[in-house]
1. Kindly list, by first and then second residue, each pair from a residue in the stretch 2-20 that is at positive phi and part of a loop (DSSP other than H, G, I, E, B) to a residue that is aliphatic (A, V, I, L, M) and modelled with pLDDT of 75 or more, limited to pairs with Cβ atoms under 6 Å and residues at least 6 apart or on different chains.
2. Being surrounded by fewer than 17 Cβ atoms within 10 Å (Cβ to Cβ) and out of contact with any strand residue (DSSP E or B) (no Cβ under 6 Å at 6 or more places or on another chain) is the filter here, so list the residues in the stretch 62-73 that pass it.
3. Quickly run through the stretch 29-67 and pick out the residues that are under 11 Å from V19 (Cα atoms) and assigned to a strand (DSSP E or B).
4. Of the residues V35, V39, V86, which single one is in contact with a helix residue (DSSP H, G or I) (Cβ under 7 Å, 6 or more places away or on another chain) and closer than 30 Å to D8 by Cα?
5. Check S57, S26 and return the single one that is of a type in the set (S, T, Y), surrounded by fewer than 13 Cβ atoms within 10 Å (Cβ to Cβ) and free of Cβ contacts under 8 Å to residues at least 40 places away in the same chain.
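The values are calculated or read from the model by the stated rules, or taken from the named source; none is laboratory data. Since we're looking at a predicted model, the values are computed, not measured. Because the Cβ atoms are built from the backbone with ideal geometry, glycine has one as well, and the counts that use them run over all protein chains shown.
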Amino acid sequence: MDVYGYSDQIPNDVLALKVAFLSGVSSTCSDVTLVGDGVAYIRDGASGGGSVKNWRSIVEEGSIAILSNMNKHIYEKAEADSDIQVEVVETSASGNDR
């Protein structure tokens, strides 16, 4: 549950979140970036560059993104992060369909 944010043993509530980045986020040589399916930037955004061995992913300070299909458990952990501001945009009780 800590890693994936849900368990097939309990109901899985899915949320759409509006995330404001109060400081920039940067990651080097990591598989985790905030781009792809279910991520829509409404202000600024993410960028990346470098080489295969030295890839760098960056989300600029002040960026705002809508993240769809996020597990409620992930949202609850994100609320405590002082580098982002998280707001629920919509919810849907989806059971264990994810």
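1. G5/I74
2. Within the stretch 62-73, G62 is the sole residue that qualifies.
3. V39, A40, Y41, I42, R43, I64, A65, I66, L67, listed by residue number.
4. Result of the check over V35, V39, V86: V86.
5. S26
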